[in-house]
1. Kindly establish whether Ala218 is surrounded by 17 or more Cβ atoms within 10 Å (Cβ to Cβ), hydrophobic (A, V, I, L, M, F, W, C) and modelled with pLDDT of 95 or more.
2. Residue check: is Thr156 of a type in the set (S, T, N, Q), touching a His at 6+ places or on another chain (Cβ under 9 Å) and either farther than 28 Å from Thr258 by Cα or at pLDDT 90 or above (or both)?
3. Condition (residue is open to solvent by less than 60 Å² (accessible area, probe 1.4 Å), of a type in the set (A, V, I, L, M, F, W, C) and more than 30 Å from Val3 (Cβ to Cβ)) applied to the stretch 191-208: is it met by at least one residue?
4. Could you please let me know if Ala72 is under 15 Å from the mean Cα position of the chain (by Cα) and open to solvent by 10 Å² or more (accessible area, probe 1.4 Å)?
5. Checking Thr269 against (1) within 30 Å of Val146 (Cα to Cα); (2) open to solvent by 60 Å² or more (accessible area, probe 1.4 Å); (3) part of a helix (DSSP H, G or I), which single condition isn't satisfied?
6. Among strands (runs of 3 or more DSSP E) lying entirely in the stretch 29-128, which contain 1 or more residues that are in contact (Cβ under 8 Å) with a residue 60 or more places away in the chain and in contact with a Pro (Cβ under 6 Å, 6 or more places away or on another chain)?
7. Given the condition open to solvent by less than 50 Å² (accessible area, probe 1.4 Å), farther than 22 Å from Asp76 by Cβ, in contact with a Pro (Cβ under 9 Å, 6 or more places away or on another chain) and not acidic (Asp, Glu), answer yes or no: does some residue in the stretch 130-141 qualify?
8. If you scan the stretch 16-28, which residues turn out to be assigned to a helix (DSSP H, G or I) and buried (at least 22 other Cβ atoms within 10 Å of the Cβ)?
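The values are calculated or read from the model by the stated rules, or taken from the named source; none is laboratory data. The shown structure was predicted, so the numbers you read here are calculated from the model rather than taken from an experiment. Glycine also receives a Cβ, built like all others from the backbone with ideal geometry; neighbour counts cover every protein chain displayed. For accessibility, only protein heavy atoms count, side chains too; no ligands or nucleic acids. Shrake-Rupley method; radii C 1.70, N 1.55, O 1.52, S 1.80 Å.
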Amino acid sequence: MRVFVTGATGFVGSAVVADLIAAGHSVTGLARSDAGAAALTAMGAAVHQGSLEDHASLRSGAAASDGVLHLAFNHDFSKFADNCELDRRAIMALGEELKGSERPLIVTSGVALLAPGRLATEDDAAARHFPRVSEAAAEDLAEQGVRAGIVRLPPTTHGEGDHGFVPRLIAIAREKGAAAYIGDGNNRWPAAHRVDAAHVYRLALEQGASARRYHAIAEEGVPFKVIAEVIGKRLGLPVVSKSPDEAEAHFGWFARFTGVDVPTSSAKTRAALGWAPKEIGLIEDLDQPYYFKA
């Protein structure tokens, strides 16, 4: 297949590109800079110049493809609402080009706020009031005849080169002089290695995105206290409990994610795609030196 990938040079996107190429697919990645173009070329992918703001470039990239994987997202939380609207418009532009065809469009979402306090499944719909509306956009397109699918990533999509939630926790521990958790620390975070997550995108694409939602979840829920304990051990810092009232003072804006309990199943994804994650788990990965380079 000829696959158009946005976010192709990102942490997960680059793993997706490598997996697609290894499986024999032809990949074209969206690049907005010379550095991005060089990275794509080094990976063996073709370069499509453009950006999420340039809808003409998105449509032309989609037009020349047999399927589209949308992984690009600006994670600048200082303008989160604006970035969510940018994402929505980009998804709609891609979908407009794919209407009336059987060519799949797979967008990216998450599970961090999907169903706090209970085991979330692929059947759970994302709340429409949350600012990031990638799922709602994909569902709207599906109703308009686009073969749209959704891959949900865990908050801890891990591996060497990670710059997401876990590195943020490490940075906070360094800054505050302690690795912390909230309450008893038994709230659970699902996790997956970036290589395993990449397989979900490829398998969903190859099977035509016939299901609406896929969970790239290798571990249903890792207790947050265990994550804090590894960070504390590696940094030589105390591991402490914070009350809910103390959480914001320690974690800042990140406190709303730190205390969430979001165990998540991927049973239906595994059955639908034949997906079987094989990479190391979060705790073993987190205990590697590359997570703690200064």
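1. Taking the combined requirement at face value, the residue satisfies it.
2. Details: of a type in the set (S, T, N, Q): yes; touching a His at 6+ places or on another chain (Cβ under 9 Å): no; either farther than 28 Å from Thr258 by Cα or at pLDDT 90 or above (or both): yes.
Criteria not met by Thr156.
3. Our first condition is that a residue be open to solvent by less than 60 Å² (accessible area, probe 1.4 Å); within the stretch 191-208, this holds for 191-205, 208.
Narrowing the set further to residues that are of a type in the set (A, V, I, L, M, F, W, C) leaves 191-192, 195, 197-198, 200, 203-205.
If we keep only those that are more than 30 Å from Val3 (Cβ to Cβ) as well, we get none.
Scanning the stretch 191-208 turns up no residue that is open to solvent by less than 60 Å² (accessible area, probe 1.4 Å), of a type in the set (A, V, I, L, M, F, W, C) and more than 30 Å from Val3 (Cβ to Cβ).
4. yes
5. Only one criterion in (1) within 30 Å of Val146 (Cα to Cα); (2) open to solvent by 60 Å² or more (accessible area, probe 1.4 Å); (3) part of a helix (DSSP H, G or I) is unmet by Thr269, namely (2).
6. Ranges flagged: 67-70.
7. So the first thing to find is which residues in the stretch 130-141 are open to solvent by less than 50 Å² (accessible area, probe 1.4 Å), and the list is 133-139, 141.
Imposing the further condition that a residue be farther than 22 Å from Asp76 by Cβ reduces the set to 138-139, 141.
Keeping just the survivors that are in contact with a Pro (Cβ under 9 Å, 6 or more places away or on another chain) gives none.
Looking through the stretch 130-141, none of the residues is open to solvent by less than 50 Å² (accessible area, probe 1.4 Å), farther than 22 Å from Asp76 by Cβ, in contact with a Pro (Cβ under 9 Å, 6 or more places away or on another chain) and not acidic (Asp, Glu).
8. The answer is Val16, Val17, Leu20.
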